[in-house]
Amino acid sequence: MATPRAVRIPRPSRSEPPTGPGPAPVAPDAAAATEGGPDIGAAIESAPDVRANDAARRRARRLVLIYLLPLLAMYLGFLELDRLAPGGSSVFGSIGTLVFTGLFAVLALAGVLLTLAPVPRAVEVGPAAVVVVEWTGRRRTFPPLPDLRVEVVHRYPAGVLSDASVVTVELTGGKRRRTYHLTDGLLPEQRPGRTRADR
């Protein structure tokens, strides 16, 4: 009588995914995206629209150069005349030269500050507020765009100083009022509360 042989039943390896009925496996990244979908969408919708003030900043930098170069030329010319004049003093030896040097520094600094101060880096337009990022990095918050009064005071056409037109605008929101130089079209001109008959 023959002895019975053992029958081997193949088992699936641990590395192979189980087959058969049941929910399909979900990748971790897809599951995370599914779980956080609504929050991500809400964050995207509430994110501010950052608008860089490129043309106005280029115009301001070129104005600074146009102002500083002649001023520097006059200062150097004065020092040379003082050195070559009969009985002239050394470059930094006389009180007159020191006074003129101080005056040059004050004029140069004042001109740079007056030119760059009203030119912000960017404007962030969000659903809850409009934030102006000034040239120093300071952030000034205004009401949202529908409640913000934007009035164009002056318009500078495109030319040598800037490849796009620049406008001087007055922003009024609540008790805050500021004047800035912005790239034309960065903020639409509007006057909330103004009726059609007033226009």
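The values are calculated or read from the model by the stated rules, or taken from the named source; none is laboratory data. If you're wondering where the values come from, they're calculated on a predicted model, not measured in any experiment. No Cβ is skipped: glycine too gets one built from the backbone with ideal geometry, and neighbour counts run over all protein chains shown.
Descriptive notes on the structure:
- Take the conditions (1) farther than 13 Å from Arg178 by Cα; (2) surrounded by fewer than 17 Cβ atoms within 10 Å (Cβ to Cβ); Leu145 misses just one of them, which is (2).
- Qualifying residues in segment 172-199 (those that are more than 19 Å from Asp54 (Cβ to Cβ) and either part of a strand (DSSP E or B) or among the aliphatic types (A, V, I, L, M) (or both)) - the one modelled with the lowest pLDDT: Ala197
- Test: residue in segment 164-172 that is more than 16 Å from Arg59 (Cα to Cα) and touching a residue at least 60 places away in the same chain (Cβ under 8 Å): no
- Residue match in segment 105-115 (condition: in a loop (DSSP other than H, G, I, E, B), among the hydroxyl-bearing types (Ser, Thr, Tyr) and without any contact (Cβ under 8 Å) to a residue 60 or more places away in the chain): no
- Annotation note: Cβ proximity below 9 Å between a residue of segment 133-154 that is under 11 Å from Ala122 (Cα atoms) and in contact (Cβ under 8 Å) with a residue 60 or more places away in the chain and a residue that is part of a strand (DSSP E or B) and among the acidic types (Asp, Glu) (sequence gap 6+ or interchain) occurs for no pair.
- Given (1) under 13 Å from the mean Cα position of the chain (by Cα); (2) of a type outside the set (S, T, N, Q); (3) farther than 22 Å from Arg58 by Cβ, index of the condition Trp135 fails: (3)
- For segment 14-33, the criterion of being surrounded by fewer than 10 Cβ atoms within 10 Å (Cβ to Cβ), at pLDDT 55 or above and assigned to a helix (DSSP H, G or I) is satisfied by no residue at all.
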